[in-house]
Amino acid sequence: MPWSTAFDDPVRVSHKRKLLTLQDAADYIMQLPEDAQHEVHWQTAIETLINAAETGGGWVMFARIAMLRAVNADGRSR
């Protein structure tokens, strides 16, 4: 599946910003400070995004869930 694959429902990261695709989510993570990127919840999100891009299917849903969990665990609102 391409990185342009859309989530079934967007991942809201702030009142003004939502992530629509796997690429949006990957770009969001890459904009985080490097130390944050190495936190377990972001590493899990990265792994599931890669699996979703490579495999598709249910991995897209798992990637969305991992992103939601990471955003909520991190408490970030950009």
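The values are calculated or read from the model by the stated rules, or taken from the named source; none is laboratory data. Just so it is clear, the structure is predicted and the values come from calculations on it, not from any experiment. No Cβ is skipped: glycine too gets one built from the backbone with ideal geometry, and neighbour counts run over all protein chains shown. Accessible surface areas use protein heavy atoms only, side chains included; no ligands, DNA or RNA. Shrake-Rupley method; radii C 1.70, N 1.55, O 1.52, S 1.80 Å.
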Item checked: Of residues in region 5-24 being basic (Lys, Arg) and part of a strand (DSSP E or B), the one most open to solvent (accessible area, probe 1.4 Å) -> ARG12
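When region 45-78 is examined, which residues are found to be among the small types (Gly, Ala, Ser), surrounded by fewer than 14 Cβ atoms within 10 Å (Cβ to Cβ) and in a helix (DSSP H, G or I)? Step through it out loud before you land on a result.
Quick first cut of region 45-78, residues among the small types (Gly, Ala, Ser) only: 45, 52-53, 56-58, 63, 66, 70, 73, 75, 77.
In the following step, the residues that additionally are surrounded by fewer than 14 Cβ atoms within 10 Å (Cβ to Cβ) were identified as 56-58, 75, 77.
Scanning region 45-78 gives a single hit, GLY58.
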Check: In this structure, is TRP42 aromatic (Phe, Trp, Tyr), assigned to a helix (DSSP H, G or I) and in contact (Cβ under 8 Å) with a residue 24 or more places away in the chain?
Finding: yes
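Which residues, taken from region 25-39, are acidic (Asp, Glu) and either farther than 13 Å from TRP3 by Cβ or assigned to a loop (DSSP other than H, G, I, E, B) (or both)?
If we filter region 25-39 for residues that are acidic (Asp, Glu), which is where we start, we get 27, 34-35, 39.
If the condition is that a residue be acidic (Asp, Glu) and either farther than 13 Å from TRP3 by Cβ or assigned to a loop (DSSP other than H, G, I, E, B) (or both), then GLU34, ASP35, GLU39 are the ones that fit.
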